[in-house]
Every structure is written in C-alpha cells, then in structure tokens.
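The values are calculated or read from the model by the stated rules, or taken from the named source; none is laboratory data. Computed from a predicted structure; not experimentally measured. In this analysis, Cβ positions are derived from the backbone assuming ideal geometry, glycine residues included, and neighbour counts consider all displayed protein chains.
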Amino acid sequence: MLVAEGGGAIMGVGPVTEAGRIGLNYVTPEARFRGVGKAMLRALEAHARTAGAVRCTLESTETARRFDLASGYRKDGAPIPMLGARA
Ligand SMILES: CC(C)(COP(=O)(O)OP(=O)(O)OC[C@H]1O[C@@H](n2cnc3c(N)ncnc32)[C@H](O)[C@@H]1OP(=O)(O)O)[C@@H](O)C(=O)NCCC(=O)NCCS
C-alpha cells in the first residue's frame with residue numbers, strides 16, 4: 001500500500017500486489033490534476049516490477065479511464081457494472 005503525502009496531508013493512496021494487480025489509484029479531490037495520480041501509478045508499477053511482476057493490471061473507473069489509457073493501459077474485457085452503474 002503506497003500513500004502520497006504533501007504538506008502534512010494524505011493526497012493519494014493505492015495498493016499493488018506482487019503479481020502487479022493495482023487495486024486502486026485514488027487521489028483526493030483537492031490534490032487532483034497536480035501530478036499525484038501519475039506519480040502514484042509509476043510508483044505502484046515500480047513496486048510491482050521490483051517484486052517480479054512482468055505487467056500491471058487494473059480495473060478502470062469511468063473517471064479514470066482516459067487517464068489509464070493515456071498511461072499505457074489497454075482495454076482487456078467487457079465493462080463491469082458496479083455500484084449500481086449500468087454497463
Ligand atoms: C484518475 C486519477 C487517479 C488521476 O490523478 P490526478 O492526480 O488527478 O492526475 P495527474 O495530475 O497525475 O494527471 C496526469 C495526466 O493525466 C491527465 N488526466 C488526469 N485525470 C484525467 C482524466 N480523468 N481524464 C483524462 N486525463 C486525465 C492529466 O491532464 C495529466 O496529463 P499530462 O501528463 O499530459 O499533463 C484521479 O483523478 C482520481 O483518483 N480520481 C478519482 C478516483 C478514481 O476514479 N480512481 C481510479 C480508479 S480506483
């Protein structure tokens with residue numbers, strides 16, 4: 001579990017497994033669009049690489065989809081309805 005901190009406040013959080021599964025990349029609303037999400041994602045990937053993973057996977061949210069695609073991730077399956085959202 002990685003935590004991004006700045007000015008004494010938590011700005012983001014994200015876990016990654018040794019197999020490269022990124023469970024979350026969450027940036028607080030106040031800290032968005034300041035490079036925290038990109039830095040978190042690269043740190044999570046580096047952590048997985050060090051643990052021996054050859055690739056990373058994640059489930060994108062509607063909010064993060066364009067960010068994830070721009071970060072080098074590729075769609076690999078049908079949308080998954082969650083939290084009452086429709087596919
Ligand atoms: C998606 C999220 C992680 C992005 O983090 P962020 O700190 O706001 O993004 P950054 O400032 O690091 O942006 C990096 C780049 O992505 C772009 N970007 C950021 N959010 C974007 C979005 N929603 N759609 C398209 N581009 C986006 C930025 O413009 C920037 O581009 P640049 O490198 O060309 O300047 C963050 O908005 C977030 O946590 N959202 C809510 C929770 C969520 O859905 N998390 C993801 C799955 S659990």
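What the table below lists for this structure:
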{"quantity": "Subset tally (residues that are in contact with a strand residue (DSSP E or B) (Cβ under 9 Å, 6 or more places away or on another chain), modelled with pLDDT of 95 or more and not acidic (Asp, Glu)) for the stretch 62-77", "calculated": "1"}
{"quantity": "Number of positions in the stretch 60-82 that are closer than 17 Å to residue 12 by Cβ and either more than 7 Å from the ligand (Cβ to nearest atom) or surrounded by 12 or more Cβ atoms within 10 Å (Cβ to Cβ) (or both)", "calculated": "6"}
{"quantity": "Odd one out for residue 55 among (1) part of a loop (DSSP other than H, G, I, E, B); (2) within 12 Å of the ligand (Cβ to nearest atom)", "calculated": "(2)"}
{"quantity": "Selection count where residues are crowded, with 20+ Cβ neighbours inside 10 Å, among the aliphatic types (A, V, I, L, M) and farther than 17 Å from residue 65 by Cα, scope the stretch 5-30", "calculated": "2"}
{"quantity": "Of residues in the stretch 5-52 being among the acidic types (Asp, Glu) and under 24 Å from residue 75 (Cα atoms), the one nearest to the ligand (Cβ to nearest atom)", "calculated": "45"}
